[in-house]
1. Going by amide H atoms built from the backbone, whose H comes under 5 Å of the H on B:Ala216, apart from near neighbours?
2. Give the nm distances, rounded to one decimal, from B:Leu308 to the matching residue in every other copy, measuring between label points 7 Å along Cα toward the beta carbon; shortest first.
3. Using a probe radius of 1.4 Å on heavy atoms only, what accessible surface per residue do you get for the range A:9-52? Whole Å² is fine.
4. Within the range A:244-271, which residues have the backbone N less than 18 Å from the label spot 7 Å out from A:Ala176 along Cα→beta-carbon, could you tell me?
5. Contact order normalised by length for chain A, with contacts defined as Cα pairs under 8 Å and 6 or more residues apart; what percent is it?
6. Along Cα→Cβ at 7 Å, what distances in nm separate the B:Leu112 label point from those on the other copies, shortest first?
7. What are the distances, in nm and sorted shortest first, from the label point of B:Asp34 to the label points of the same position in each other copy, with each label point placed 7 Å from Cα along the Cα-to-Cβ direction?
8. Can you give the accessible area per residue of the range A:163-290, in Å², using a 1.4 Å probe?
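The values are calculated or read from the model by the stated rules, or taken from the named source; none is laboratory data. Computed from a predicted structure; not experimentally measured. No Cβ is skipped: glycine too gets one built from the backbone with ideal geometry, and neighbour counts run over all protein chains shown. Note: areas computed on protein heavy atoms with side chains; ligands, DNA, RNA excluded. Shrake-Rupley method; radii C 1.70, N 1.55, O 1.52, S 1.80 Å.
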There are 2 protein chains.
Amino acid sequence: MQRNRRVTATDVAEAAGVSRSAVSRAFAPNAYLDGEKRKLILTTALKLGYRPNALAASLQGKRSNLVAVAAGGMNNLYNAEFTAKLVARLNAAGKWPIVIGGSEAVLDDAILPALSYPLDALIVRGSSLSAQVFEDCAKLNIPLIFAGRILKGAQVDCVSCHNSNGTAAAARHLIARGRRKFGFISGPAGLSSSSDRLEGIRCALREAGLSLIAEAPCNYTYEGGRDAATSLLTQYDIDALICANDASALGALSAARYELDRDVPNDLSIVGFDDIAQASWPEYNLTTLRNPLDQTMDEILRLLQARLDDPDRPAEQVLIAPQLITRKTD
Amino acid sequence: MQRNRRVTATDVAEAAGVSRSAVSRAFAPNAYLDGEKRKLILTTALKLGYRPNALAASLQGKRSNLVAVAAGGMNNLYNAEFTAKLVARLNAAGKWPIVIGGSEAVLDDAILPALSYPLDALIVRGSSLSAQVFEDCAKLNIPLIFAGRILKGAQVDCVSCHNSNGTAAAARHLIARGRRKFGFISGPAGLSSSSDRLEGIRCALREAGLSLIAEAPCNYTYEGGRDAATSLLTQYDIDALICANDASALGALSAARYELDRDVPNDLSIVGFDDIAQASWPEYNLTTLRNPLDQTMDEILRLLQARLDDPDRPAEQVLIAPQLITRKTD
DNA sequence: CTGAAAGCGCTTACAG
DNA sequence: CTGAAAGCGCTTACAG
């Protein structure tokens with residue numbers, strides 16, 4: 001009676017009076033094995049609570065089915081939705097996500113040790129990665145998939161929505177409604193999602209002979225959005241505020257209405273980006289750009305499968321069209 | 001030049017001109033190994049991008065450091081905060097969370113196959129588990145930790161806040177403020193968190209010679225809270241609404257104010273449970289019971305470590321005191 | 001259809 | 001301090 005030991009194929013073999021090989025075959029649907037024998041083994045296994053150790057199997061060249069997911073900060077509410085959905089999709093596909101959270105600052109420190117596992121892939125949401133992670137993944141033969149940004153030049157699979165197209169469409173819409181004095185609340189410095197979104201606005205303003213009045217830095221959070229909006233709206237004369245994401249837009253909306261007593265949308269438009277669940281809540285009714293979650297998931301799963309099927313295929317970069325959702329803040 | 005192969009200890013040994021054993025020792029801080037040699041091996045490993053395969057190591061009786069986390073539905077916003085925080089804490093402790101998401105209905109289907117990995121533990125948030133998962137975990141020697149509910153009678157480590165104490169305190173507070181006509185918006189049927197919270201209210205009402213006017217079922221979501229509040233407030237004369245969690249309380253608050261034109265808090269009190277981030281946003285300012293996240297994490301991590309250190313220790317059940325946070329809806 | 005054997009990448013007594 | 005060898009739990013040619 002040994003303690004603290006996992007039930008093993010040998011245990012099942014002994015209990016059922018067959019060879020270890022037979023046990024292994026019983027769990028491989030296509031292996032040659034007498035029907036009765038398979039039944040006996042499976043019953044014995046069930047009784048003993050045996051299930052093949054996936055890790056030992058992965059040593060035989062099988063896939064581990066382990067996929068690391070670097071999730072990014074969860075107070076960016078879109079990240080939370082994204083991660084929840086990705087986890088569910090991965091589960092459904094028989095892949096097991098090792099989630100790596102925490103702030104961007106420590107992401108590297110957290111990812112590196114996770115590479116000790118024989119990962120089928122590493123999916124990175126949004127943030128950037130140090131050169132070391134890139135190199136280590138290459139050396140360890142761990143495919144990388146980026147979601148939320150396109151890595152230009154690099155041979156890496158990427159999925160992102162077309163950020164600048166989205167904000168350009170939003171800006172044109174606001175211009176058509178008569179807005180002229182634009183402000184922008186940005187995301188964290190260095191994130192291409194934020195700079196691309198800004199670029200879209202600049203482009204639409206240029207077309208109309210306009211230019212951006214002011215920009216305030218923010219960190220993609222609700223609280224950050226409040227602060228940024230307060231500073232922007234008290235310093236400048238602005239009638240259209242585009243925010244780099246929804247979390248900050250909700251904060252901006254709250255500050256504008258309840259602290260600065262601005263009338264949204266009558267004397268100020270506020271537009272977000274992502275279309276998180278809260279955006280459609282009646283107390284916000286936020287006009288925003290939908291960053292399509294299901295379509296993004298479809299692409300991630302497709303890219304993952306394609307990469308596993310053919311590690312040598314050329315990298316693919318998928319751009320998804322965002323969609324302007326007009327509600328009651330534009 | 002082989003492709004699609006992970007760098008291996010043998011590769012490093014060959015490159016550095018040492019034995020495989022030496023490579024292994026170089027990565028074990030306390031192993032006997034000549035200083036110069038260790039340095040050489042580590043440098044070579046770095047160059048090659050080698051890092052020991054954690055799974056192969058786990059076959060030697062080492063821990064896998066893999067911990068499965070059954071997270072529960074993410075549209076219960078507290079679950080999302082909980083999971084994000086737990087992931088970060090686990091990462092920081094050198095444990096790697098395999099996250100299992102999805103709705104409660106499919107949780108079993110999703111957990112079972114995850115048991116193929118040599119898990120150090122399985123942490124279950126909130127929901128209940130089928131007998132089969134219990135048995136399989138026992139047979140596979142995977143310790144179970146429950147967060148968010150106490151399993152009475154079972155020999156399982158559990159952490160939960162004291163649900164009935166929390167709602168009883170809230171109800172007494174509302175009674176002291178003059179409320180007499182109480183309604184309750186519940187969580188999903190069968191979840192003890194919800195029934196315990198109801199029991200706390202009943203208890204406080206009894207003390208005051210009062211009884212509950214009505215109860216509406218809900219699923220712990222914002223949308224569900226809206227619907228439940230609408231049905232409750234249009235059918236009954238109620239001046240105090242206690243919701244089984246914050247997500248549903250936010251929905252209830254929104255419906256009460258914007259659809260039913262009720263004046264909260266002047267003619268109706270609304271109280272939630274959990275104290276999620278949104279509860280303190282100025283547009284809600286929700287009075288609620290804080291379900292202390294950091295303290296809960298501390299206990300989970302402590303219980304996990306203690307269980308790993310001594311698999312035979314008696315199960316521990318930790319009850320955490322919730323805290324009434326009065327804001328502007330009571 | 002089946003079992004004995006080799007091998008996956010590692011660690012750890014064992015014998016120097 | 002060090003290398004050769006055994007063994008962790010599995011799968012898969014190999015030879016019946």
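1. Correct list: B:Phe184, B:Ile185, B:Ser186.
2. Spelled out, the distances from B:Leu308's label point are 2.7 nm.
3. 63
4. Zone members listed by number: A:269-271.
5. On the way: 597 pairs, mean separation 47.0, N = 330.
Rounded, it is 14 percent for chain A.
6. 4.2
7. Copy-to-copy label distances at B:Asp34, shortest first: 5.8 nm.
8. On the way: 4490 Å² over 128 residues.
For the range A:163-290, the solvent-accessible area averages 35 Å² per residue.
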